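Scroll down for the structure; my scribbles are underneath it.
No lab work stands behind these numbers, since they all come straight from the coordinates. Given the structure is predicted, the values throughout are model-derived calculations rather than measurements. Positions of Cβ are generated from backbone atoms using ideal geometry, with glycine treated the same way; all protein chains shown enter the neighbour counts.
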Amino acid sequence: MAPPPDSDQATNLDKKNYEWRQLADKFKLTPRQLEAARLLVEGNPHKRIARRMQITINSVNTHLKRVYDKTGSANTVELVFRVEEFFRSLSPNR
């Protein structure tokens, strides 16, 4: 079993979760859309996202299409850019 995270790791995790919640609120993403977007931005291919979320690849594609529409992104690269830009707006020192 892994040791408990130190306070810096826990703080960073809390900050990350906060940022993702803020992103979901801003773009009105459902929990599943947020999960798919987060996994994609973290570098996971659609097949792995489908396995992790226990859904079909078609469902992953549907979730991501809705995320692209809601965020004004045309593709994964634009989505990653918008997410990073949004996170920077939350913490300018990033």
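Numbers below:
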| read-out | value |
| --- | --- |
| Scope the range 44-60; condition loosely packed, with under 15 Cβ neighbours inside 10 Å and either within 23 Å of Phe86 (Cα to Cα) or touching a residue at least 12 places away in the same chain (Cβ under 8 Å) (or both); matching residues | Pro45, Arg52 |
| The range 28-43, subset more than 8 Å from the chain's Cα centre (by Cα) and not polar (S, T, N, Q), residue nearest to Val80 (Cα to Cα) | Gly43 |
| Whichever residue in the range 67-76 is assigned to a helix (DSSP H, G or I) and over 13 Å from the mean Cα position of the chain (by Cα) and, among such residues, is farthest from Lys28 (Cα to Cα) | Asp69 |
